[in-house]
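The structure appears below as structure tokens.
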Amino acid sequence: MKSWSVLATLTLLVLFFSVTPGLQAQEEEEARDILELCLSGGLGLPMSGLSDWHDSLGTKTGWSLGIDFGYFMKDNIVVGINFQYTQFGIDGPPEVKGAYHRLYNPNIYAKYYFVGESDLEPYIKAHIGIENPKFTTSMMGPKYRAISYDASLAYGIGAGLFYYRSDYSGLYIEANYHAANTSSAQRVYATEELNFKENIGVFDIHAGVRLLVGSDE
């Protein structure tokens, strides 16, 4: 990963945590949810140019793992940090059997919950962050290697449904469209310049557990 992508990730974290001190006084006004922790797993469906990436190393449907850690700005608005890992199989020649394409995504996210009297709460979600693709790539030779390409801007939008199982926990299902400006991402390996060429598009659907931390009042 390029050094600027590390700095960008740290900047995202600083921006998130810098808003929390000024909100501490609100926590004492009334009993309410303060933090959420979401753990999930699901499927990633490649879109855009990924299904026939580099013509001979197309991306198959993959699986993903994710974690959200958020702070309640209001009773129905959450901002936080997110990390998503997605691993895809490869639709390619026999030489790539057992190899994978991977995405590593740190993000900032925002959720808006439609709060009501029901135990079911629909919500919408948006995120912006950094795409770090590590794709198995055809080299001169021919050889195939897992190459970490330059980090790029990533963003997306989605929606979900949360079901309360208790006052401070429940289950949820969520769908997102995730995109990244990776067409100009490069990597120099030995003396060979490699170009990612495609912008990433992934439709993911996942389910998981959501835990809530509330005030003591």
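The values are calculated or read from the model by the stated rules, or taken from the named source; none is laboratory data. Nothing here was measured: the structure is a model prediction, and the numbers come from that model. Don't worry about glycine lacking a Cβ; one is built from the backbone with ideal geometry, like all the others, and counts go over all protein chains shown.
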**Fill in**
Of the candidates 129, 89, 98, 116, the one satisfying the condition of being buried (at least 16 other Cβ atoms within 10 Å of the Cβ) and free of Cβ contacts under 8 Å to residues at least 60 places away in the same chain is 89
**Item:** Any hit, the stretch 186-195, residues being free of Cβ contacts under 8 Å to residues at least 40 places away in the same chain, loosely packed, with under 15 Cβ neighbours inside 10 Å and either on the phi > 0 side of the Ramachandran plot or aromatic (Phe, Trp, Tyr) (or both)
**Value:** yes
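For the stretch 151-194, how many residues are assigned to a strand (DSSP E or B) and more than 15 Å from residue 131 (Cβ to Cβ)?
Applying the first criterion (assigned to a strand (DSSP E or B)) to the stretch 151-194 yields 152-166, 169-180, 186-189, 192-194.
Those left that are additionally more than 15 Å from residue 131 (Cβ to Cβ): 157-166, 169-175, 188-189, 192-194.
Final tally of qualifying residues: 22.
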**Fill in**
Result of the Cβ filter at 6 Å on the stretch 157-176, keeping first residues that are over 23 Å from residue 43 (Cβ atoms) and partners that are assigned to a strand (DSSP E or B), at least 6 apart or interchain, is 164/170; 168/212; 169/211
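On the given criteria, is residue 209 out of contact with any Pro (no Cβ under 8 Å at 6 or more places or on another chain), among the aliphatic types (A, V, I, L, M) and assigned to a strand (DSSP E or B)?
On the way: out of contact with any Pro (no Cβ under 8 Å at 6 or more places or on another chain): yes; among the aliphatic types (A, V, I, L, M): yes; assigned to a strand (DSSP E or B): yes.
Spelling it out, residue 209 is indeed out of contact with any Pro (no Cβ under 8 Å at 6 or more places or on another chain), among the aliphatic types (A, V, I, L, M) and assigned to a strand (DSSP E or B).
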**Asked** How many residues does the stretch 114-149 hold that are modelled with pLDDT of 95 or more and either outside any strand (DSSP E or B) or within 17 Å of residue 77 (Cα to Cα) (or both)?
**Response** 11
**Prompt:** Out of 30, 36, which single residue is charged (D, E, K, R), at pLDDT 95 or above and not in a helix (DSSP H, G or I)?
**Reply:** 36
**Item:** Cross-chain or 6+ apart pairs with Cβ under 8 Å, the stretch 31-47 first and crowded, with 17+ Cβ neighbours inside 10 Å, then assigned to a loop (DSSP other than H, G, I, E, B) and among the charged types (D, E, K, R)
**Value:** 33/75
